[in-house]
Amino acid sequence: MPVLLIDENMPRSLAPRLRAAGFQVEDVRDLGLRGAPDGEIFELARSRGWVLLTGDLGFGARLRAQPNSPGLVIARLPNEWPVQAINELIERSLSSLPEHVPGSLVVIEPERIRIRTPFH
C-alpha cells in the first residue's frame, strides 16, 4: 500500500500505531495542515501518490471528480467508540486488504469493509 495520509479527524494516536504495524504514514497535523481546506489536503495526497485516510464522507465526491487519485479510505465508525477500538479496527482492516488498487475507495465500518474500484 502507498503512503497513508491521515486526516485530522482521525485519532492522533493512529499514525504511530500504523507505523509500528509497518505502514508508511503521514499525518496532516505533522505537515502543518491542521485546519487546511479539504481540497488542499486531497490535492496534497493526490500529487504525492498518497492514499487519504479520513472520517469525512465528503472526500468521496472529490475521488469521483479526480479519478487519477491514488485512493481513499473512509472510516465510518461510531463517534462514541473509544480511540483504542477505532485504532484497532482501522489497523486490522488495513492489514486485511488485498493489494492496493489505485483510485479505489475503501470504506471501513464496524462490521465490514467495502472496496469500490476506480470510478473512471
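Rounded if a/c is under 1.5, else prolate if a/b beats b/c, else oblate: with a ≥ b ≥ c from the C-alpha gyration tensor eigenvalues square-rooted, which is the chain?
Cα axes put the chain in the rounded bin.
Counting Lys and Arg as +1 and Asp and Glu as -1, what is the net charge of the other residues whose Cβ lies under 15 Å from the Cβ of residue 15?
Values: positive: 12, 17, 19, 29, 34; negative: 7, 8, 26, 27, 30, 88, 91.
Every neighbour counted, the sum reads -2.
Which is the longest part of the chain that has none of the GluC sites (Glu not before Pro) sitting in a DSSP loop with at most 10 other Cβ atoms within 10 Å? Each step should come with its number before you reach the end.
Numbers: sites that count: 80, 99, 111.
For GluC sites (Glu not before Pro) (loop position, at most 10 other Cβ atoms within 10 Å), the longest site-free span of the chain is 1-79.
Give me, ordered by chain and number, the residues 5 or more places off residue 27 or on other chains with an amide H under 5 Å from its own placed amide H.
HN-HN under 5 Å from residue 27: 6.
So what are the ³J(HN,Hα) numbers for segment 7-17, from phi and the Karplus equation (6.51, -1.76, 1.60; θ = phi - 60°), rounded to whole Hz, Gly and Pro as x?
For segment 7-17, the Karplus-derived couplings read 6, 6, 8, 9, x, 4, 7, 5, 4, x, 5 Hz, x marking Gly and Pro.
Exactly which chymotrypsin sites (Phe, Trp or Tyr not before Pro) in segment 14-96 are in a DSSP loop and have at most 12 other Cβ atoms within 10 Å? Don't jump to the answer; show the numbers that get you there.
Numbers: sites: 23, 42, 50, 59; in loops: 23, 50.
Of the chymotrypsin sites (Phe, Trp or Tyr not before Pro), not one in the loops of segment 14-96 has a Cβ with at most 12 other Cβ atoms within 10 Å.
For residue 3, what residues show an amide H to amide H distance below 5 Å, using hydrogens built from the backbone and excluding near sequence neighbours?
Those qualifying (amide H under 5 Å, at least 5 residues apart or on another chain) are 51.
Bear in mind these aren't lab numbers, they're just calculated from the coordinates by the rules spelled out. Just so it is clear, the model here is predicted, and its values are computed rather than measured. Cβ coordinates were reconstructed from backbone atoms using ideal geometry, including for glycine residues, and neighbour counts include every protein chain displayed.
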